[in-house]
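Just below is one structure, and these are the notes that go with it.
What follows draws every value from the coordinates through simple rules; no lab data is involved. Because the structure is predicted, anything quoted here is derived from the model rather than measured. Cβ atoms come from the backbone with ideal geometry, glycine included; neighbour counts cover every protein chain shown.
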Amino acid sequence: MSEFKQTFNSSLGKKLIMALTGLFLCTFLIVHLGGNLLLFKNDDGFGFNVYANFLTHFPPIEVIAYLLYLCIIVHSLYALILTVKNRRARPVGYAVVNKAPATWQSKNMGLLGAVLLFFIIVHMKDFWFNYKFTNNVAFKEYRTDLATNTTTSADYTPTSPDFEHSVSTENNVEIVRVKDLHARVVQSFNNLWYVILYVIAMGAVSFHLLHGFQSAFRTLGWVHRKYTPIVEFVGTWLFAVIIPVGFAAMPLVYYFTNH
C-alpha cells in the first residue's frame, strides 16, 4: 500500500492521474455534445428537456455525473500542483518529455486550464445548479397526439412544490411535463457576454485538447508508430476541431437567430 501511495504521490503518478481523468473528460465531451445537439431541433426544446430530465433522474447517470465532477476537481488540482512544481524547476508539461519543439498550447496548458475551470464554474452554476437546486427553472408541458405524432407545448405550473416531472397518456395523447431548461439556454444565449465567454472557452478547449489528448497517451506509454498517427488525427480533428466548433455553434446560432 505504501508503494502504491508513493507512486501516485510522485510526479509520474500525478501525470498518470492527469492523463486518466483527462481521457475520461474527453469521453464526456463526446456524449455531452451529442445530447446538446438536440438544441438544434425545431421542437420548442422537447428533445433537449427530456434529455436533461433523463440525465438528472436516472441513478446510474447521476453516479457517472458525480464521478465526472470529481474528475474535474482532481484534474484541476493536480494540474495546479504540477504547474507550480514545473515553474519552480523547469518548463515541462505533464506529458512525457518530447524532443520536439514545445508548442504554444503545451507551454500554456495552465492558462488554458484556468480559463476552462472558470467557464465550467459559471456554466454549471447557470445550468446544473439552477436546474437541480433552485426554483429558477420553469416547467413545460408537451402533448403528443399518438395518432398523428404532432406535439404541442405550453407553459406548466406544478400544483405541488415537490413536483419534478411526469409522463402520462390521456385519450391517445402522451403528456410530458418537465423542467424547461431549454428556456434557460435561450436566455443565456441571448446574453452577448455569455456568448463571448462561451466561444472563448471553446477556443481554450480546442488548444487544451490539441496538446492534452495526445499528451495523455504519451504519459500512459501508449505510443506506437502504427497507432500514434491515429491518436494525433483523432486528437486534432475530433477533439480540437469538431467538438469545440460543435459547442461554439450553439450560442452563436441562438444569439444571431434572436437578434
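Which of [x] 41; [y] 27; [z] 35 is the computed percent of Cα pairs over 29 Å apart for the structure on display?
The value matching this structure is [x].
Please sort by residue number the trypsin sites (Lys or Arg not before Pro) in the range 197-259 whose DSSP state is loop and whose Cβ has at most 10 other Cβ atoms within 10 Å.
Answer by residue number: Arg225, Lys226.
Might you report the magnitude of the Cβ-based charge dipole of the chain about its Cα centre, with Lys and Arg at +1 and Asp and Glu at -1, to the nearest 20 debye?
1840 debye
Given a cut-off of under 8 Å on Cα pairs at least six residues apart, what relative contact order in percent is computed for the chain?
24 percent
When the C-alpha atoms of the range 138-179 are aligned to their principal axes, what extent does each axis show, in angstrom, from largest down?
The Cα atoms of the range 138-179 stretch 33, 15, 11 Å along their principal axes.
What GluC sites (Glu not before Pro) does the range 145-212 have in DSSP loop regions with at most 10 other beta carbons within 10 Å?
Hits after loop and neighbour filter: nothing returned.
Relative contact order, percent, of the range 138-179 when contacts are C-alpha pairs under 8 Å separated by at least 6 residues?
48 percent
Report ³J(HN,Hα) in whole Hz for each residue of the range 36-50, in order, from the Karplus equation J = 6.51 cos²θ - 1.76 cosθ + 1.60 where θ = phi - 60°; Gly and Pro get x.
Taking θ as phi minus 60°, the curve returns 6, 5, 5, 4, 7, 6, 8, 10, 6, x, 4, x, 5, 5, 5 Hz for the range 36-50.
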